[in-house]
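S.K.: Just passing along the structure, written as structure tokens.
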Amino acid sequence: MTTSLKKYGFWALKGLLAAVFLSAGGAKLVGAPMMVQTFEALGIGQWFRYLTGLIEVVSAVLLFIPGKQAIGAGLLVGTMIGAAAAHLFILGPSVVPALVLGGLTAIVLFVHRDQITA
């Protein structure tokens, strides 16, 4: 695989992830009815919806800030682990979307792993 293909493919992956997390986080922050219901079902409180939305939006932006990509990706991987657990144990029905997003975000974290020790 050529270097430019890897480079642009990776940028496309980060762009896709940013779009998904900006959309999902934005929906949480503006109080989309589905998000309000989902977090109501968790039983933690709506403050957690705001926190999760803020983490998703900020982390999506961090994916493009040099030296901060690992922080953004790490926060999103952690968020998707929590989302997978919530769907598995409380919400149902499918944990697959959270696992796929978490796996794709883990790839971004792996590529930027040198920032963790820097």
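Each reported figure results from applying straightforward, stated rules to the coordinates on display, with no laboratory input. All values reported here derive from a predicted model rather than from experimental measurement. Reconstructed Cβ throughout: ideal geometry from the backbone, glycine too, with neighbour counts over all protein chains shown.
S.K.: Restricting attention to region 42-60, does a residue exist that is charged (D, E, K, R) and free of Cβ contacts under 8 Å to residues at least 12 places away in the same chain?
M.R.: Step one: filter region 42-60 for residues charged (D, E, K, R), giving 49, 56.
Checking which are free of Cβ contacts under 8 Å to residues at least 12 places away in the same chain leaves us with none.
Within region 42-60, not a single residue is charged (D, E, K, R) and free of Cβ contacts under 8 Å to residues at least 12 places away in the same chain.
S.K.: Something else now. Taking only region 1-52 into account, find how many residues are within 12 Å of the chain's Cα centre (by Cα) and of a type in the set (D, E, K, R).
M.R.: Residues that pass the stated criteria total 1.
S.K.: If a residue counts only when it is among the basic types (Lys, Arg), which helices (runs of 4 or more DSSP H) contained entirely in region 24-118 have at least 1 such residues? Give the steps one after another, and end with the answer.
M.R.: Details: elements: 33-42, 46-62, 69-86, 96-111, 114-117.
The helices (runs of 4 or more DSSP H) meeting that bar are 46-62.
S.K.: When the residues of region 65-99 are narrowed to those that are farther than 23 Å from residue 41 by Cα and exposed (fewer than 15 other Cβ atoms within 10 Å of the Cβ), which ends up nearest to the chain's Cα centre (by Cα)?
M.R.: Of everything passing the filter in region 65-99, 65 is nearest to the chain's Cα centre (by Cα).
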